[in-house]
Amino acid sequence: MEATLRAHPARHPGTGLLARMREDALSIEASFILFVYAGRYKMLPEFQGSPVDLTLLFFILAVGLTVWGIFSRRLKPMPLDLPNILMLSFTAFGVISVFWSSLEPKNVDKAWRFVLIGVSSYFLVVVLAQDLERRRRMVRLMIAFSIALLLYYSTYRWVLGVDPNDMENAGRVNGNNYMEYGAHAAILFYACLSQVILGPRQRLPLAIAGAVLALFALLLIGARGHLVFAVFSISLAAGSLLLAPRGLFAGMRRLLLLVTALVVLCWAGYVAITAYQGATGASQQFYTLERIRLQTSNESTHSLDIREEAQDLAFRQWLVRPLLGWGMGEFRLQHSLDYPHNLSLEVLMEMGLAGACLFFPVLILGVATCVAMARDRRLDWTDMMLALLFLTEFISHTTVQGYLPDDRIYFAYLGLIMGWRHWARRNARMIPLPPRERG
């Protein structure tokens, strides 16, 4: 009976949409989401007059509320299992590594930002994500934040006529860039894709429509990497169905319906814009396709060329000091870029094999947990969305992305996956939700 109650949380009469929205907005999870995504809104014109740094404000609020929740026994403390011990050791080793660097102020700055507003998101979210409802609340808040940011982008671009993705200014205006908007369009795509496969049947048309709009937004924004990973996530979703054959045929039918709708409606939108504005005008609107065309035609390859050069330097310098590395922050003293745009190479170059042996196993456990999630009968669309977020970010950070002090979003996704792992182990015998109640 107790397991059944945990699997089927009570629904109190009078708990409607407005009550849930109010509870979400005033929750610990809201403070955490505002801290994690602070860099995506604090430099907007509307927030530039803030007398305090919003990142530190919501960091302090999230930490304070989480600590109070643990002391008041409303939250379970972080379990000291293998991945969490490894992450604690990795954090300590990263700070210690500064002492065999050149001890430049930039290196010290990177170390304290890594600890304070970087990897701290992992430890905070592991505590919160052990609870099923808190994990679902964070998903709802991520979706709400993404919708709000994309509405802001749309208003500036198509209503006010101010282009947030001015390509002549390196894609930057008012502290935001196309990658940040693209990241949140991708979040919405993963949410809709997960709803298509595991959500209630009555939401299927809305989920397909949302996925089409999110993918179309990715075509317009200019974030080519996020577009590639969004398309690739369809393959990841299909793979998850193969790992859980009990719902293979129903899931594949839904996925095929989504792919058909994406191809037909995105093509129709492209034809409509081309007919209205002509080929030249359409290329100016479809930033992502234009950036891919410039890259494949070798007209504009600077972005990837300099990343390849930085990654080559990081690898060669790691071979010089393979065991302990050069110390945190040392890369940006040796190259014009602050980081090699590859988190694995950044860790190897600055912390050597010692740091890699502490951090890489946690990532491997994260991938293995995503596989376990796909095979778990309790999997719902919110957890599938988290798995897609982590796996796509994992691939991105091992190829073209990553910077330790600014990777609190990536660490948060890893923490969400580990939070699910703790929850699944504590509730190993919990009765799964019936299909009609999923989502």
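The values are calculated or read from the model by the stated rules, or taken from the named source; none is laboratory data. Remember, it's a predicted structure, so these values are computed and weren't measured experimentally. Please note: Cβ atoms are built from the backbone with ideal geometry, for glycine as well, and neighbour counts cover all protein chains shown. We work out accessible area using only protein heavy atoms, side chains counted, and drop any ligands, DNA or RNA first. Shrake-Rupley method; radii C 1.70, N 1.55, O 1.52, S 1.80 Å.
Rolling a 1.4 Å probe over the protein heavy atoms gives region 76-138 an accessible area of 40 Å² per residue.
The stretch between residue 270 and residue 133 holds 45.3 nm of extra length on full extension. This uses 0.36 nm per residue minus the Cα-Cα distance.
Among the protein heavy atoms of region 105-156, carbon and sulfur supply 75% of the accessible surface, probe 1.4 Å, non-protein parts ignored.
Solvent-accessible surface of region 313-382, averaged per residue with a 1.4 angstrom probe and all protein chains in place: 38 square angstrom. Here the gap between residue 52 and residue 106, fully extended at 0.36 nm per residue and compared with their Cα-Cα distance, gives a gain of 17.2 nm.
Think of a 1.4 Å ball rolled over the protein heavy atoms: region 174-239 then has 32 Å² of accessible area per residue.
What FRET efficiency do you get for residue 306 and residue 72 if R0 is 41 Å and r is their Cβ-Cβ distance, rounded to the nearest 0.05?
With R0 = 41 Å, the Cβ-Cβ based efficiency is 0.25.
May I ask you to give the percent of accessible area on region 297-413 that is carbon plus sulfur, with a probe radius of 1.4 Å?
Working: 2630 of 4390 Å².
Result for region 297-413: 60 percent of the exposed heavy-atom area is carbon or sulfur.
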